[in-house]
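Participant: One structure follows; several queries about it will come next.
The values are calculated or read from the model by the stated rules, or taken from the named source; none is laboratory data. Owing to the predicted nature of the structure, the values given are computational and were not obtained by experimental measurement. Using ideal geometry, Cβ is built from the backbone for each residue, glycine included, and neighbour counts are taken over all protein chains shown. Just the protein is used for accessible areas: all its heavy atoms, side chains included, with ligands, DNA and RNA removed. Shrake-Rupley method; radii C 1.70, N 1.55, O 1.52, S 1.80 Å.
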Amino acid sequence: MSNQLFNLEGKNILLTGASKGMGLSMAKALANNGANLVISSRKIDQCIKAADEINESTGIQKAYGFACNASSKNELKDLVNFSLEKLGSINTLVCNAGVNSFFGSMSEIDDDSYDKTMDTNVKSNHWLINMVAPSMKESGGGSIMITSSIAAFNASETLGTYSISKLAVLGLVRNYAAELGPFNIRVNAICPGLVKTDFSKLLWENPDAEKATSQRMPLRRLGEADDFMGVAVFLASNESSFMTGQALTICGGASMWS
Ligand SMILES: NC(=O)c1ccc[n+]([C@@H]2O[C@H](COP(=O)([O-])OP(=O)(O)OC[C@H]3O[C@@H](n4cnc5c(N)ncnc54)[C@H](OP(=O)(O)O)[C@@H]3O)[C@@H](O)[C@H]2O)c1
């Protein structure tokens, strides 16, 4: 194995929500740095397409696709079994799947939308971490990253439940970091600002709206999915081996340390 920084040769990585957007960019970067991957999302054709693209660019089979709705415990179990069968072990877990099923006041959200948001964004990550931790413990450690959001840092009159779910992700990260630290398993959160993906299209597809929002940002632009390649590689690599329980904010300066 080379001693080059950020080398991921020999790392086996399971990603959720990785068929497009930030998850796909992270998957590409992880494979390019040497990792083997299982890419999952709800749509199998999109997962296979993403895996094929990666395998073509690396020239060898580094990625496998598997369909899994992150809000289903049984599908998560199947995903973990598939990953262990294909990769042999799981050293790194990227919990990137997330949903926002309601836009508006919390006083009007229906129970289904509330449950869907909290189940997919919070409970699914709790399930998945518990399913993957035994493999990490067996191989002497691991790294877990969960995509939160800068929405976690503030109240919102239109994205209240989503914000609460992403704040709960930070709590989940902190607690698992404490519980799994003695096993050399690190757990960190990634908090993106507004990133130009399908997920947030309503907020940037109008060019005037995008321009107005960009002008309020210190870096004068919105994020791109590829802005998340480096942080995923860093957190998966041994170069972040003393970092756990943290929230890494990547938002063009929209939210600053205080
Ligand atoms: N874009 C932003 O501005 C922004 C800002 C802060 C945080 N985030 C967070 O970033 C993460 C990724 O978002 P993105 O912007 O990259 O979105 P995206 O481009 O829409 O991609 C979302 C990915 O998640 C998958 N997915 C959606 N629901 C799923 C479910 N229930 N189970 C499994 N996979 C599911 C999608 O594929 P399928 O449709 O095939 O399932 C897709 O692969 C989310 O956690 C989101 O909350 C986004």
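Participant: Tell me, what is the percent relative contact order of region 140-247, built from C-alpha pairs under 8 Å that lie six or more residues apart? Don't jump to the answer; show the numbers that get you there.
Facilitator: Values: 136 pairs, mean separation 36.3, N = 108.
Contact order relative to length: 34 percent.
Participant: For the residue pair K43 and A212, what label-to-label distance in nm results when each label sits 7 Å from Cα along the Cα-to-beta-carbon direction?
Facilitator: That separation, rounded to one decimal, is 3.0 nm.
Participant: Here is a follow-up. As an exercise, use a Förster radius of 30 Å and the Cβ-Cβ distance of E157 and E224 to find the FRET efficiency, rounded to the nearest 0.05.
Facilitator: Details: r = 27 Å, r/R0 = 0.92.
Efficiency, rounded to the nearest 0.05: 0.65.
Participant: I've got another one for you. For a 24 Å ceiling on Cα separation, which of these pairs sit above it: K123/K211; K28/K49; K28/K211; K20/K86; K49/K137? Kindly include the intermediate steps, with their values, before the conclusion.
Facilitator: On the way: K123/K211 36 Å; K28/K49 12 Å; K28/K211 29 Å; K20/K86 22 Å; K49/K137 32 Å.
Check vs 24 Å cut-off fails for K123/K211; K28/K211; K49/K137.
Participant: So, with a 1.4 angstrom probe, what is the percent of accessible area on the chain that is carbon and sulfur?
Facilitator: Working: 6430 of 12620 Å².
Whole-percent figure for carbon plus sulfur exposure: 51.
Participant: Scattering from the C-alpha atoms of the chain alone, worked out with Debye: what is log10 I(q)/I(0) at q = 0.07, 0.09, 0.15 1/Å?
Facilitator: -0.22, -0.37, -1.07
Participant: Could you sort the peptides 160-168, 216-224 by per-residue average Cβ neighbour count (10 Å cutoff), highest mean leading? Working shown, then result.
Facilitator: Details: 160-168: 21.4, 216-224: 14.6.
Sorting 160-168, 216-224 by mean packing, highest first, produces 160-168, 216-224.
Participant: Now a separate question. Considering only DSSP beta bridges where both residues belong to the chain, give the percentage that are antiparallel (nearest 5). Before the final figure, lay out each step's value.
Facilitator: Working: 0 of 29 bridges.
In the chain, DSSP labels about 0 percent of beta bridges as antiparallel.
Participant: Going by alpha carbons, how many degrees (0 to 90, nearest 10) lie between the helix axis of 124-138 and the longest principal axis of the chain?
Facilitator: Between the helix axis and the principal axis of the chain, the angle is about 20 degrees.
Participant: Under a 10 Å cutoff between Cα atoms, tell me which one of I54, I109, I129 has the largest fluctuation in the Gaussian network model of the chain.
Facilitator: Answer for the Gaussian network model of the chain: I109.
Participant: Any chance you could run the full-extension gain for S72 through K86? It's 0.36 nm times the residue separation minus the Cα-Cα distance, nm to one decimal. List each step's numbers first, then the result.
Facilitator: Values: separation 14, 0.36 × 14 = 5.04 nm, distance 2.10 nm.
That pair, S72 and K86, stretches by 2.9 nm at full extension.
Participant: Can you tell me, using C-alpha contacts under 8 Å and at least 6 residues apart, the relative contact order of the chain as a whole percent? Mind dumping the intermediate values first?
Facilitator: Details: 509 pairs, mean separation 51.1, N = 258.
Relative contact order comes out at 20 percent.
Participant: To continue, here is another question. Whole number in Å², please: accessible area per residue of the chain, 1.4 Å probe, ligands, DNA and RNA not counted.
Facilitator: Numbers: 12620 Å² over 258 residues.
Dividing the accessible area of the chain by its residue count gives 49 Å².
Participant: Using 0.36 nm per residue of separation minus the Cα-Cα distance, give me the extension gain between S57 and F199 in nm, one decimal. Working shown, then result.
Facilitator: On the way: separation 142, 0.36 × 142 = 51.12 nm, distance 2.59 nm.
Additional length available on full extension: 48.5 nm.
Participant: Based on the mean of other Cβ atoms within 10 Å per residue, sort peptides 228-236, 145-153 so the most packed one is first.
Facilitator: Result, highest mean Cβ count within 10 Å first: 145-153, 228-236.
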